[in-house]
Amino acid sequence: LFPRHEHQTLRTLEMDCKTRLAVCVLVFALYLPCTSGLQVLYQPSLSSTFVVHQELPFTVQYADASAIEAITCVDYVQVGEYKARVPFGCFLDTNTPMLKNVDGIAGFGIPKLGARGESLPMPLLWALTDARNTESNAQQLQRKFTFFSSLDRAELQLGGYDPASIVGGQMKEFQSRSTGEFVLGISSVKVGRTRQEAQELLHFSPSLPADKQWVGGVLDTGTSCLVLPSTELAGTLTAAPFPLFVSTFLDKKRAPPEFSAEAARIRNEGGEIGKPGVWLVVEGEELFLPYESLLIAGTDKPCVRGSPPMSQSSILLGDVFFRSYAVLFDVSRASRAQPATLGLAAINPNYQIIPKSSPILPSGDLLRMAVARNAADAAEEAQAEAAGVDKLPIENRRGTQYFLELTVGTPPQLLKVALDTGSSTFGVFVGQTSMNEVLAVELGNPIPIRQELRPDPVPLRPIPVLPA
């Protein structure tokens with residue numbers, strides 16, 4: 001995808017690139033104020049280094065039946081201080097309206113094939129750190145990243161993790177249970193006001209061998225809630241966990257009389273009346289999700305969902321998990337045959353997540369980046385309890401969205417893309433008119449594009465300038 005003659009075969013554009021690059025000292029920020037809900041489309045015809053490979057189409061299919069039709073493109077992409085000329089998806093069409101407020105998807109997952117067996121462009125971190133890419137300044141960056149969030153902010157650490165950000169300064173590391181996803185084995189899920197009274201939700205079949213008594217927990221920034229199975233998983237369990245959670249949570253949320261024996265017991269055991277939490281046993285380690293981290297912002301309702309029958313066989317550890325635990329994703333040795341290494345540690349409560357005013361902070365071998373956290377409207381979320389699991393393409397308005405800012409093209413166009421560890425694709429939505437201009441000049445054969453997300457022409461997002 002990087003033929004040396006590509007620069008010579010690019011169309012000649014009637015534009016003054018030097019004028020467009022007058023703003024030459026740029027902040028490639030990874031925070032975007034969430035007040036702007038408009039999608040900005042990448043305009044290929046405005047980039048002098050853009051190349052399209054019409055002969056390499058592909059389809060991205062997601063677990064909720066959402067799909068994106070795309071073709072492979074190549075251009076310069078910059079994330080923070082890292083810049084490379086990489087292949088990515090030019091998204092042409094999608095069957096879901098959930099993508100209307102996002103410019104693209106920054107897949108940070110494991111490389112996969114497309115829905116029809118096609119080769120896909122590499123995930124963003126893989127593409128930036130590709131040792132064969134001579135047009136990258138990120139070849140020395142370790143293929144690792146850490147992610148965690150708070151109620152109003154989130155942070156992405158490229159290259160590893162900052163010991164100061166976690167309790168104890170060191171991650172507990174495990175091998176992923178899957179080569180295609182970030183999965184850890186969960187052998188217990190309990191809900192209650194105290195650890196002693198917490199009731200088990202995972203009741204494994206007695207006929208199941210002890211080493212098989214676990215359910216995969218998928219670590220996914222593209223999911224807003226804790227998602228529990230709504231079925232017995234084809235006999236793995238004797239009862240469906242999500243209905244058990246609903247009944248148990250409601251019971252434990254009930255407040256006993258203030259001076260009753262039950263209230264005294266809860267206090268003596270270190271619990272809070274009316275505030276049940278969740279205890280997980282993940283790879284033999286007990287983890288705790290407190291009541292406050294479970295709630296949908298602005299409500300007293302838990303962000304815990306049941307998976308649609310026949311579509312999920314795992315537990316999804318979404319936003320509510322990342323509010324309590326930092327997760328290291330080490331894909332430095334990962335391949336289709338070798339699983340990734342995953343690290344877990346409680347977030348240091350005294351650690352200051354990178355502020356919005358300083359969206360990029362180098363820290364030794366790390367690059368700390370602010371991530372926009374777009375919380376859902378509380379009223380809409382409260383009305384969505386019966387909805388199915390939210391998976392990328394992206395969380396809809398019922399969930400939580402994590403956004404990165406990056407630039408694509410020459411001169412750079414600033415785009416807002418969804419950060420998703422459950423996706424293996426990096427791609428951006430393109431303007432129909434702009435893409436057809438390129439295809440008409442380059443190939444003499446424009447392709448039909450049905451673009452309903454936003455009509456052309458569209459404004460480009462302004463790039464902030466470093467203060468003098």
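Assorted remarks:
- The mean accessible area for residues of region 224-359, using a 1.4 Å probe and ignoring ligands and nucleic acids, is 43 Å² per residue.
- With θ taken as phi - 60° and the Karplus curve 6.51 cos²θ - 1.76 cosθ + 1.60 applied, the whole-hertz 3J(HN,Hα) list for region 336-343 is 5, 10, 10, x, 6, 9, 10, x Hz, x standing for glycine and proline.
- If you plug the beta carbon distance of Leu38 and Arg333 into 1/(1 + (r/R0)^6) with R0 = 45 Å, you get a FRET efficiency near 0.65.
- Loop-resident sites, region 99-165, for trypsin sites (Lys or Arg not before Pro), counting at most 13 other Cβ within 10 Å (DSSP): Arg116, Arg132
- Debye log10 I(q)/I(0) for region 99-197, one point scatterer per Cα, at q = 0.12, 0.25 Å⁻¹: -0.64, -1.39
- Other-chain or far-sequence residues with amide H under 5 Å of Gln413's (modelled H): Val408
- In the context of the full set of protein chains, residues of region 121-160 present 36 Å² of accessible surface per residue (probe radius 1.4 Å, heavy atoms only).
- Applying a DSSP loop filter and a limit of 14 other Cβ atoms within 10 Å to the trypsin sites (Lys or Arg not before Pro) in region 225-274 leaves Arg254.
- Region 57-97 and region 274-332 have Cα centres lying 28 Å from one another.
- Carbon and sulfur %, accessible surface of region 75-205 computed with the full protein complex present, 1.4 Å: 45 percent
- Protection-proxy order for peptides 272-285, 224-237, 69-82, 205-218, each taking the mean of Cβ atoms within 10 Å per residue, highest first: 69-82, 224-237, 272-285, 205-218
- Under Karplus coefficients 6.51, -1.76 and 1.60, residue-wise ³J(HN,Hα) of region 281-290 in Hz, glycine/proline x: 10, 10, 6, x, 9, 7, 10, 10, 10, x
- Divided by 2.2 N^0.38 Å, where N counts the residues, the Cα radius of gyration of region 143-289 comes to 1.21.
- Cα-based Kirkwood hydrodynamic radius, region 164-236, one decimal, Å: 14.8 Å
The values are calculated or read from the model by the stated rules, or taken from the named source; none is laboratory data. Since the structure is predicted, the reported quantities are computational estimates derived from the model, not experimental observations. Cβ: placed from backbone, ideal geometry, glycine included. Neighbour counts: every protein chain shown. The area values use the complete protein model at the heavy-atom level, side chains included, leaving out ligands, DNA and RNA. Shrake-Rupley method; radii C 1.70, N 1.55, O 1.52, S 1.80 Å.
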